[in-house]
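I have placed the structure first, in the form of structure tokens, so that the comments after it can refer back to it.
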Amino acid sequence: MTHQTAVTFDDVLAARSNIAPWIARTPLVTSRTLSELAGVEVRLKCENLQRAGAFKIRGAMNALLGIEPEARGRGVVAFSSGNHAQGVALAARLLGIPATIVMPENSVQAKVDATLGYGARVVQAGVTSATRDAVARSLAEETGATVIPPFDHPRIIAGAGTVGLEIAEEWPEVKSILVPLGGGGLLAGVSLAATSMIPGVDVYGIEPEAGNDGQQSFRKGEIVEIAPPSTIADGARTLAIGKANFEIIRDRVRDIETIGDERLLYWTRFAINRTKLLIEPTGALGLAALLEGRVRPKGPVAVVVSGGNADWSVLCGG
């Protein structure tokens, strides 16, 4: 049964028109090595080659374009572990909107530096998304700025859905799509777009074992909140999946699987070495799960590489 949700396929189509002048249409890259290992044709949707190094600018730009002109001067406030921060910061700079980003105290320094480089003000607070959310909303109340959440927002979901739109348009023969899962905006958007265009396509969410709130929620049928997870997949350190996202995911997604940090790091390094693409651990979740045999897709599979803003101390250490 399909439920009525806050975001529709028409919203994804509208988002594509909205953001087209501002974002890149990223390539869908075939890898012979990865295909041979997986036993099925594999293509990588390279959002690591997107502006600001991740898919996040798609939703961020769509959200900022929805702000009324008279409110833009009061600025925007966002909270993020990194990639949403950069997406909002760059989108705000392109549109001439002041931006303040609340990031965790344990942020990857490269992501903090990049956010500052895009012209945003950075405030570091706590280590959980709940803390960042509270600080961001407090700042918004003080200044009148508009809050741009990282995933649980209709225009964010619709913007992220353009990733799925591009996959389905370019490769209608695809049978399975693997998507990294944190708060669920990308998975919700991709699954909405892909299943609307290709009936019968299987969409899987992949998250770190230590942060399996999405898997628990999906299998229980209701949102489950977990303690702050410790994982190298810093873009998936969420406590719970977003409500609007969950409404879509429970209807459109085939299953949610997990991968442990040790194997995630192994396959991230392997993918970087063999594809010559810079991929962050969160961005490699889908590929790691596929190559580790955690997902056995039917037919050709598209793997969304969600970002490439890697912490070199993680990739090169150990």
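All of (1) farther than 25 Å from Ile232 by Cα; (2) β-branched (Val, Ile, Thr); (3) out of contact with any strand residue (DSSP E or B) (no Cβ under 7 Å at 6 or more places or on another chain) hold for Ile167 with one exception: (3). Among the candidates Pro104, Pro154, Pro149, the residue that is surrounded by 17 or more Cβ atoms within 10 Å (Cβ to Cβ) and in contact with a Lys or Arg (Cβ under 9 Å, 6 or more places away or on another chain) is uniquely Pro104.
Scan region 62-80 residue by residue and report those that are of a type outside the set (Phe, Trp, Tyr) and crowded, with 24+ Cβ neighbours inside 10 Å.
Of everything in region 62-80, those that are of a type outside the set (Phe, Trp, Tyr) and crowded, with 24+ Cβ neighbours inside 10 Å turn out to be Asn62, Ala63, Leu64, Val76, Val77, Ala78, Ser80.
For every residue, the table says whether it meets (1) closer than 17 Å to Glu36 by Cβ; (2) surrounded by fewer than 17 Cβ atoms within 10 Å (Cβ to Cβ); (3) assigned by TED's automatic domain parsing to the domain that holds Leu37.
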| position | (1), (2), (3) |
| --- | --- |
| Ala236 | no, no, yes |
| Gly242 | no, no, yes |
| Phe246 | no, no, yes |
| Arg250 | no, no, yes |
| Glu262 | no, yes, yes |
| Tyr266 | no, yes, yes |
| Phe270 | yes, no, yes |
| Thr275 | yes, no, yes |
| Val303 | yes, no, yes |
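Filtered by the rule that a residue be under 26 Å from Pro150 (Cβ atoms) and surrounded by fewer than 24 Cβ atoms within 10 Å (Cβ to Cβ), region 177-200 gives Thr195, Ser196, Met197. Residues to consider are Thr128, Thr143, Thr162; find the one that is farther than 14 Å from Val77 by Cα, surrounded by fewer than 22 Cβ atoms within 10 Å (Cβ to Cβ) and in contact (Cβ under 8 Å) with a residue 40 or more places away in the chain. So the residue among Thr128, Thr143, Thr162 that is farther than 14 Å from Val77 by Cα, surrounded by fewer than 22 Cβ atoms within 10 Å (Cβ to Cβ) and in contact (Cβ under 8 Å) with a residue 40 or more places away in the chain is Thr128. Residues of region 285-318 that are at positive phi and among the β-branched types (Val, Ile, Thr): none at all.
Is at least one residue of region 172-182 touching a strand residue (DSSP E or B) at 6+ places or on another chain (Cβ under 8 Å) and under 17 Å from Val88 (Cα atoms)?
No.
The values are calculated or read from the model by the stated rules, or taken from the named source; none is laboratory data. Keep in mind the model is a prediction, meaning the values are calculated, not measured. Heads up, the Cβs are rebuilt from the backbone with ideal geometry, glycines too, and the neighbour counts pull from every protein chain shown.
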